[in-house]
Amino acid sequence: MKRIGILALQGAFAEHTKAIKRLGEEAFEIRQKSDLDKSIDAIIIPGGESTVIGKLLKEMDMFDTLKMLITEGLPVFGTCAGLILLAKRISNDDHSYLDAMDISVKRNAYGRQLGSFQTINYFLGIGDIPMIFIRAPYIEEVSETDGVEILAEVDGNIVAARQNNILVTAFHPELTEDLRVHRYFLDLLPKA
Ligand code: GLN
């Protein structure tokens, strides 16, 4: 059984825990620095508010350890705010956070009116899946020379991508009953 760490400082982490458990793997909620010392096979950074999660990671002295684990190759899945935290560039912000993935991201990219919406769209390697967007970012640019693979686009905007050990979605698969994106992430983990 795989042990998946779920960053549980703020945001929609409980839904990821449920999704991982429903897929028959162990979910371990990471709430403090010492939790990052425990052995985990992967980590999920949930949606929520990227500024708040980023601030808490620093205040709780978890930021550098998490960044190091990701740099060393720990598989990580970031949804929405998690995607923002993993990006190397945030076009409408003056700094980035974990600086891990070669993508440029726009926060709150859909404006106030279209802050939240649902759609069904194609995800490479899976097929059509439901996508729930909540004050979501989208990816403006990816570095294909650095091996970023685009996995889904909605209305011409990139909403899911992968680079080596990092998977990100601008939408919230954990808020639907469809477990295929979580399954996709688990399938990326090294076998046994
Ligand atoms: N708007 C949030 C941010 O900028 C992200 C929203 C979400 O995670 N659902 O962090």
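The numbers here are math on the coordinates, done by the rules we state, and not lab data. Nothing here was measured: the structure is a model prediction, and the numbers come from that model. As a convention, Cβ positions derive from the backbone with ideal geometry for all residues, glycine included, and neighbour counts pool all protein chains shown.
Summary of values
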{"quantity": "Residue within segment 111-119 that is within 16 Å of the chain's Cα centre (by Cα) and at negative phi present", "calculated": "no"}
{"quantity": "Cross-chain or 6+ apart pairs with Cβ under 7 Å, segment 36-61 first and among the charged types (D, E, K, R), then more than 8 Å from the ligand (Cβ to nearest atom)", "calculated": "Lys38/Phe28; Asp41/Lys2; Asp41/Arg3; Asp41/Ile4; Asp41/Leu189; Glu49/Gln10; Asp61/Lys33"}
{"quantity": "All positions within segment 159-192 that are within 16 Å of the ligand (Cβ to nearest atom) and among the β-branched types (Val, Ile, Thr)", "calculated": "Val159, Val168, Thr169, Thr176, Val181"}
{"quantity": "Within segment 34-51, considering residues that are closer than 20 Å to Ser96 by Cβ and surrounded by fewer than 17 Cβ atoms within 10 Å (Cβ to Cβ), the one nearest to the ligand (Cβ to nearest atom)", "calculated": "Glu49"}
{"quantity": "Number of the exception - Glu140 against (1) on the phi > 0 side of the Ramachandran plot; (2) touching a Ser or Thr at 6+ places or on another chain (Cβ under 8 Å)", "calculated": "(1)"}
{"quantity": "Filter result (away from the ligand (no atom under 16 Å from the Cβ) and either without any contact (Cβ under 8 Å) to a residue 40 or more places away in the chain or not aliphatic (A, V, I, L, M) (or both)) within segment 67-77", "calculated": "Lys67, Met68, Leu69, Thr71, Glu72, Gly73, Pro75"}
{"quantity": "Residues being over 17 Å from Gly47 (Cβ atoms) and buried (at least 19 other Cβ atoms within 10 Å of the Cβ) - total across segment 164-185", "calculated": "2"}
